[in-house]
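Report on the following structure.
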Amino acid sequence: MDGSRREFLKLAGLTAIGATGASSVRASGGASSATGGHAEASSDGVRLAMVVDLRKFSRDGSLAERCIEACHRAHNVPDFGDDPKNEVKWIWTEDFETAFHSQEFHFIREDLKGKPTLLLCNHCDNPPCTRVCPTQATWKRDADGIVMMDWHRCIGCRYCVVACPYGSRSFNWKNPRLGLEDIDINFPTRMRGVVEKCTFCEERLARGQQPACVEVCSNDEIVFGDLNDPGSKVRQLLAERMAIRRKSGLGTQPEVYYVIDDPRTLQEFAPAAVVDGAEGGDHA
Amino acid sequence: MLEKALSGNRTYWTWIFFLLAIIGAGAACWFWQLNVGLTITGLSRDVVWGFYIAQFTFLVGVAASAVMVVLPYYLHNYKAFGKMTILGEFLAIAAVIMCMTFIFVDMGRPDRILNVFLHPTPHSMMFWDTIALGGYLVLNILISRVTLSSERRGIAPPKWIRPIIILSIPWAVSIHTVTAFLYAGLAARPFWLTAILAPRFLASAFAAGPALLILLALIVRRISSFDPGREAINKLAEIVTYAMILNVFFVAMELFTALYSDIPEHVHHFQFLFTGLEGNSTLAPWMWLSVLLAVVSLVILINPATRRSETTLILGCIAVFFSLWIDKGLGMVIAGFVPNPLGQVVEYAPTLPELTISLAIYAGGVLIVTGLYKIALEVRGQMKA
Ligand code: SF4
Ligand code: SF4
Ligand code: SF4
């Protein structure tokens, strides 16, 4: 825990520098986005990424909901109830097969089948959404790779929504305040007519905090960190575990990874205590 | 010259007020939309572009099609189009203005439209489309003004306008190419991710636009002493025929690639369009109507006898126009969003206010065409009393 705390503060510090604009990090890390490469191409910058450990999510059925709740509460994301037409969401779940629908999983392990999988903006290294924006109201921050949004510049053309291959972006069809019961004054509410999405909690990073959805996860179910730091937890997990990304074939270089190893490979799992209902070795 | 649009007989003014009434209804809906947001449309998180953007796309084609009269006349000195060029250019002006209005009403924050110019972004196709359309509007206003005022004074147009007219030819092609690039470069949307999109846009534009121009010219001939001439109409009809054949050919290319390769992400969109997907077949009847109209139009147009007979030609042009309107003004944009990037089938249908606003923009275009055509006819002294 201590180690990760230290790693994290370092990262937050770098991000804060990035937020102020001019920095050596920005200058040296700039080469990465053009080539579409990530870790290797900009080894001296920070490249924030998230690893969602689906093995661990199988232990706590309500954790995903709590992550969503934490994010949406912290960011004043409106809730319009059962109104899919006006829906706004930064992080949500789809079942595993839908989340990875282009991969066509068949006869998969019981613990993955239909599993609610958290989806959010991937903060792609080569983001099509920022490429199409006619006003640079959404752009990729060089210092740490966060795909940012300027709600005061966005003209609401929704081209970025059209260009995102992951459905990560929402448009405010109506005044979002109508869907908010209590407003967190620490975060701006948006106005009608602009696009919004997950920002990797850049405001919390600047304050030295973990992203809200990561903070809810007490057991590293979601790990957040710098891909360019070989000692970081995200790098460790990616080196040791089997992780996949959504639609990686499109070349967008999504930076949200999903660990899909068998949960029984987790050391703290006693073989009998696998996912409820998985009843032993019936996986394909 | 503009004052010539402001005098006219009773029928003229009844027509004008009829159009203004539609525009008024649309304006009221638009103010409502300004106040509560685009939530009054049928658009949603999954289908973020719909009827407005589809009309924009279709009308860019109509605008570009002016080149089909300008090119033969100025580049090949094809005299029969002499009287038609101004009609084509005026139609282009009206179409571009409608395009811009459709974009404007589609914006979430129209109050920030200047951001496009304050933060010019060359890596966005929308930036280039803005330049292409704006430039095309300026070109056509300039060209039509200069040539018409020379005509009024009975002199030849000044020499300097010729290079500008020549420039307007590739420019017309560019507006529809860039509009296709808005769609065709998106990894997220397999339906549009096809190299044939821009050629297909151009082919359908060069069929639908001149078909409309034939219809307009025949209407104008009825209500004034203007006569486009048999030869001009016949030549335009031939252009419509070739363009329509090319368009159908391109569609077949697209269908072959998608269906033979059998890649689900490509096939699903066509299934949604023509047979319905997971029980959602809202567009299927429309698409089959489009196919039927295309077949009817080709039968009429390819056969020289029916192409030259005015009554059947009118039917053929109407069939071409509506077939392509359904294809581009309904199917092309909406099918790109269904299924969505997660493979889910979602619903979209335009709402009444959305349709009213769209109708009003069309009425605005018709108003502009009416006014401009009237000016042209007055200048030539061809207006009936
Ligand atoms: S997930 Fe979508 S919105 Fe997020 S960076 Fe990638 S393309 Fe952009
Ligand atoms: S909706 Fe806003 S952020 Fe998205 S492309 Fe348009 S201006 Fe850019
Ligand atoms: S990183 Fe922050 S903004 Fe993004 S989903 Fe998690 S809590 Fe929400």
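General observations
- Taking 7 Å steps out from each Cα toward its Cβ at B:TRP32 and B:ILE166 produces label points 5.3 nm apart.
- For the protein assembly as shown, the alpha-carbon coordinates run over 94, 51, 45 Å along the three principal axes, in decreasing order.
- Helix B:197-223 vs. chain B, principal-axis angle (Cα, 0 to 90°, nearest 10): 40 degrees
- The mean number of partner chain beta-carbon atoms within 10 angstrom of a residue's beta-carbon across peptide B:121-129 is 5.
- Measuring r between the beta carbons of A:ARG207 and B:ASP111 and using R0 = 35 Å, the FRET efficiency lands at 0.60.
- Calculated FRET efficiency for the pair A:GLU215/B:SER281, C-beta based, R₀ 35 Å, to 0.05: 0.15
- Shielding score for B:59-71, defined as the mean number of other chain Cβ atoms within 10 Å: 0
- Cα→Cβ-extended label distance, 7 Å offset, between B:VAL138 and B:HIS76, nm: 3.1 nm
- Per-residue [θ]222 nm for chain B (sum of -39500 (n - 2.57) over DSSP H runs n ≥ 4, rounded to 500): -23000 deg cm²/dmol
- Listed values for the stretch A:235-251 are Karplus-derived 3J(HN,Hα) couplings in whole Hz (6.51 cos²θ - 1.76 cosθ + 1.60, θ = phi - 60°), namely 5, 4, 4, 5, 6, 9, 10, 8, 10, 10, 10, 6, 6, 5, x, 7, x, and x replaces Gly and Pro.
- Among the listed pairs B:LYS328/B:LYS374; A:LYS140/A:LYS174; B:LYS79/B:LYS328; A:LYS89/A:LYS174; A:LYS89/B:LYS328; A:LYS89/A:LYS115, those beyond 23 Å (Cα-Cα): B:LYS328/B:LYS374; A:LYS140/A:LYS174; B:LYS79/B:LYS328; A:LYS89/B:LYS328
- Nearby aspartates and glutamates by direct alpha-carbon distance to B:LYS4 (threshold 13 angstrom, same-chain neighbours under 8 apart not counted): B:GLU378
- The packing ranking, built from the mean of other Cβ atoms within 10 Å per residue, places the peptides B:301-309, A:181-189, B:359-367, A:49-57 in the order A:49-57, B:359-367, B:301-309, A:181-189, highest first.
- Extending 7 Å from Cα along the Cβ direction at B:GLU347 and again at B:TRP13 yields two label points whose distance is 4.8 nm.
- Residue mean of other protein chain beta carbons inside 10 Å, B:37-43: 6
- Shown in residue order for the stretch A:69-79 are the 3J(HN,Hα) couplings computed by the Karplus curve 6.51 cos²θ - 1.76 cosθ + 1.60 at θ = phi - 60°: 4, 4, 5, 5, 6, 5, 10, 6, 7, x, 10 Hz (x for Gly and Pro).
- Modelled FRET efficiency - R0 41 Å, B:TRP288 with B:THR311, Cβ distances, 0.05 increments: 0.95
- Reachable lysines from A:LYS233, criterion Cα separation under 16 angstrom, eight or more residues apart if same chain: A:LYS10, A:LYS56
- Whole-percent P(r), the stretch B:213-273, all Cα pairs, 10 Å bins from 0: 20, 28, 18, 18, 14, 3.
- Charged side chains reduced to their Cβ positions (Lys and Arg at +1, Asp and Glu at -1) give the protein assembly as shown a dipole of some 3580 debye around its Cα centre.
- Ellipsoid equivalent to chain B - semi-axes via the Cα gyration tensor, in Å: 34, 25, 21
- Its Cα gyration tensor gives the stretch A:43-91 an equivalent ellipsoid. The semi-axes, each the square root of 5 times an eigenvalue, are 26, 18, 10 Å from largest down.
- Using alpha-carbon coordinates, inclination of helix B:10-36 to the longest axis of chain B, degrees: 30 degrees
Where a number appears in this text, it was derived from the coordinates with a stated rule and is not lab data. In this text the structure is predicted, and so the values were computed from the model without any measurement. Glycine also receives a Cβ, built like all others from the backbone with ideal geometry; neighbour counts cover every protein chain displayed.
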